[in-house]
Every structure is written in structure tokens, then in C-alpha cells.
Amino acid sequence: MAGEFDDIRSRLELIAEELADLAIIRLRESIDAGGSELPVDERRLTRARRAVEKAVNLLAEPDDG
């Protein structure tokens with residue numbers, strides 16, 4: 001059953017990249033608007049990206065048994 005989660009893991013990796021891209025966009029928008037603090041959206045997007053990356057890592061672990 002090796003590779004059983006490969007497709008899901010690949011899709012999650014793409015989602016993590018999309019979340020990272022959105023976070024960068026939020027940061028750029030904030031800087032362009034003269035902001036001096038991190039946007040709330042960026043923090044939430046970063047937390048979501050980390051959670052998705054954690055799922056990717058869990059699915060990459062070998063099966064027990």
C-alpha cells in the first residue's frame with residue numbers, strides 16, 4: 001500500500017503553496033498601504049499553511065505494521 005496517500009499529499013502540498021502565496025500577497029498589500037503590523041489575514045493563512053504542511057508530513061510517514 002506504499003504511495004496510497006500520494007495523490008492527497010500532492011494536492012495538500014499545492015494547497016500549502018497557495019496559502020503561502022496568499023500570505024505574501026497580504027503582506028505586500030499591507031506594505032503598499034503603509035502598514036507597520038502584520039495583517040490578521042496573513043497570520044491566519046500562515047497558521048492554515050502550517051496545519052496543511054503537518055498533514056502532508058503525517059501522510060508521508062511509513063505505515064505502522
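A few remarks follow.
- Between helix 6-32 and the chain: long-axis angle, C-alpha atoms, 0 to 90°, nearest 10: 10
- GluC sites (Glu not before Pro) within the chain, DSSP loop, no more than 13 other Cβ atoms inside 10 Å: GLU4, GLU37
- Length released on extending from GLU37 to LEU14, taking residue separation times 0.36 nm less the Cα-Cα span: 5.5 nm
- Relative to the longest principal axis of the Cα atoms of the chain, helix 40-60 runs at roughly 10 degrees.
- The mean sequence separation of alpha-carbon pairs under 8 Å and at least six residues apart, normalised by the residue count of the chain, gives a relative contact order of 45 percent.
- Unit charges at the beta carbon, dipole of the chain: most positive-side option, LEU12, THR46, PRO62: THR46
- Neighbour counting of Cβ atoms within 10 Å sorts the residues SER30, SER10, SER36, fewest neighbours leading, into SER36, SER10, SER30.
- Summing Cβ point charges (Lys, Arg +1; Asp, Glu -1) relative to the Cα centre of the chain gives a dipole of roughly 360 debye.
Since every read-out is calculated from the coordinates, none of them should be taken as a lab result. Since this is a predicted model, take the numbers as computed values, not measurements. Using ideal geometry, Cβ is built from the backbone for each residue, glycine included, and neighbour counts are taken over all protein chains shown.
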